[in-house]
Amino acid sequence: MSTVIRPELSKKNEYWLEKHRYYELKHFCLQYPIWSQEYTALNGFSSAPGELLTKPTGYGDPTFDVAEKRMYYSVRMDMIKDAVYEADPDLGIYIFKGITEGLSYETLKARLEIPCSKDTYYNRYRKFFYLLDKSRK
């Protein structure tokens, strides 16, 4: 289920983003569960000695490769978390669920009893994407 929100606001809105940039950022956020799963799976240990080697010659530093991949995922996950809590620390958990799982306000209200109005939630939701846009440039 996707969030039902107009992809393009009036250019007079303080959190205006171009429609396709909004969709780009939205799909960026929907990858969060994948990144989290990959980050957790990259614990530095492998079941087979050659499993972490990605170079065809067999040379390289598998520890560095794992650290580099973990950093890649960590940076992206932190970027989302930082923007969520900068948008609104009190509604952060609801915004986070909405953007990473594609949940609408109605779903959040029914499942988690979100403590704000629809207008307030979507205002903070738009603010999140505005802040994420600034940090992704």
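The values are calculated or read from the model by the stated rules, or taken from the named source; none is laboratory data. The model shown is predicted, which means the values in this text are computed figures rather than measured ones. Because the Cβ atoms are built from the backbone with ideal geometry, glycine has one as well, and the counts that use them run over all protein chains shown. Quick note on the areas: whole protein, heavy atoms, side chains included, nothing else; ligands and nucleic acids left out. Shrake-Rupley method; radii C 1.70, N 1.55, O 1.52, S 1.80 Å.
Computed quantities for the displayed model
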read-out	value
Every residue from region 99-121 that is acidic (Asp, Glu) and touching a Cys at 6+ places or on another chain (Cβ under 9 Å)	none
Condition check for TYR121: in contact with a helix residue (DSSP H, G or I) (Cβ under 6 Å, 6 or more places away or on another chain), assigned to a helix (DSSP H, G or I), open to solvent by less than 10 Å² (accessible area, probe 1.4 Å) and of a type in the set (Ser, Thr, Tyr)	yes
Failed item in (1) surrounded by 21 or more Cβ atoms within 10 Å (Cβ to Cβ); (2) in contact with a Phe, Trp or Tyr (Cβ under 6 Å, 6 or more places away or on another chain); (3) part of a helix (DSSP H, G or I), with ARG76 passing the rest	(1)
Cross-chain or 6+ apart pairs with Cβ under 8 Å, region 83-103 first and crowded, with 18+ Cβ neighbours inside 10 Å, then acidic (Asp, Glu) and not in a helix (DSSP H, G or I)	ILE95/ASP88
Sole residue being over 22 Å from PHE129 (Cβ atoms) and either at pLDDT below 95 or not aromatic (Phe, Trp, Tyr) (or both), chosen from PRO33, PRO89, PRO56	PRO56
